Amino acid sequence: MRPNRTRKQPWRGVLAGLGLAASTAACADLLQAIGSGDREQLQTLLHAGVAVDQRDARGNTALLLATARNDIDAARQLIEAGADVNAKNAIHDSPYLLAGAEGRLEILELTLAHGADLKSTNRYGGTALIPACERGHVAVVARLLKAGVDPDHINNLGWTGLLEAILLSDGGPDHQAIVTLLIDAGAKVDLADRNGVTPLQHARERGQQAIVERLLAAGAH
């Protein structure tokens, strides 16, 4: 069974009372400015040249916190100030990976324009594309494929984006569109899971007829 991907983000909000040293006070202020949405404080700190990639107790940078909040303006300011779009926290999320998984298209675009590592993987060993396929983020899937993310990457569970779009969905319109995008991008439609079950077999077992038809048209067996 697939491990549960909790929707509750562990970095929401800035932890207080960590006994930060005076030398890291500006970092604490930066993280708090993101957590509270204080635009004036954010601009003041960035203008003062605060180190933008310092981390909180869970390894989150200010940019990761902004991405979690879908704070596009703050994310843009941080990235323009040099924030690392690939900096991972303790659970292996980076701003780029999180933007893909959560469907933050605007922030994803910013990360892609500033050096996103398309081969980087999350705690499940998946690229940004795989959770986007699972969660039905059609526009994000299209953008990641256009950027060149491998449609056939296999995560630690033995699943590709195509398999996740079938196994972890109801086969509705968004996931049908994602299957089409993956096929058009050259995804291997017969790439099976660890048990040798193909995407077509999984789609049939789940009664996802529209996806079955797409796979058959692409030559699946």
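The values are calculated or read from the model by the stated rules, or taken from the named source; none is laboratory data. Everything quoted here is computed from the prediction, not taken from an experiment. Note that we place each Cβ from the backbone using ideal geometry, even for glycine, and neighbour counts take in every protein chain shown.
Within the group Asp84, Asp93, which residue is in the same structural domain as Asp38 (by TED's automatic domain parsing), closer than 28 Å to Leu168 by Cα and part of a loop (DSSP other than H, G, I, E, B)?
Details: Asp84 fails: closer than 28 Å to Leu168 by Cα.
Result of the check over Asp84, Asp93: Asp93.
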Over region 97-154, the set of residues closer than 17 Å to Ala185 by Cα, among the β-branched types (Val, Ile, Thr) and assigned to a helix (DSSP H, G or I) is Ile130, Val138, Val140, Val141
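Could you list, in sequence order, all residues of region 151-167 that are surrounded by fewer than 17 Cβ atoms within 10 Å (Cβ to Cβ) and either more than 21 Å from Val197 (Cβ to Cβ) or out of contact with any Gly (no Cβ under 9 Å at 6 or more places or on another chain) (or both)? Spell out the reasoning first.
So in region 151-167, the residues surrounded by fewer than 17 Cβ atoms within 10 Å (Cβ to Cβ) come out as 152, 156, 158.
Within region 151-167, just Gly158 meets the criteria.
Among the residues of region 4-53, write down those that are assigned to a loop (DSSP other than H, G, I, E, B), modelled with pLDDT of 70 or more and either more than 11 Å from Leu65 (Cβ to Cβ) or assigned by TED's automatic domain parsing to the domain that holds Ala132 (or both). Can you show your working first?
First, the residues of region 4-53 that are assigned to a loop (DSSP other than H, G, I, E, B): 4-21, 37-38, 48-53.
Filter once more, keeping what is modelled with pLDDT of 70 or more: 37-38, 48-53.
The answer is Asp38, Ala48, Gly49, Val50, Ala51, Val52, Asp53.
For the structure I just gave you, tell me whether Ala62 is at pLDDT 95 or above and either within 13 Å of Ile34 (Cβ to Cβ) or in the same structural domain as Val140 (by TED's automatic domain parsing) (or both).
On the way: at pLDDT 95 or above: yes; either within 13 Å of Ile34 (Cβ to Cβ) or in the same structural domain as Val140 (by TED's automatic domain parsing) (or both): yes.
Yes; evaluated as a whole, the condition is true for this residue.
Suppose we keep only residues that are polar (S, T, N, Q) and surrounded by fewer than 20 Cβ atoms within 10 Å (Cβ to Cβ) within region 42-65. Which one would you say is farthest from the chain's Cα centre (by Cα)?
Residues of region 42-65 that are polar (S, T, N, Q), as a first pass: 43-44, 54, 60-61.
Now restrict to residues that are surrounded by fewer than 20 Cβ atoms within 10 Å (Cβ to Cβ): 43-44, 54.
On the way: Gln43: 26, Thr44: 29, Gln54: 21 Å.
Applying the filter and picking the extreme gives Thr44.
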Within region 182-214, the residues that are β-branched (Val, Ile, Thr) and either closer than 17 Å to Gly136 by Cα or in a helix (DSSP H, G or I) (or both) are Ile183, Ile211, Val212
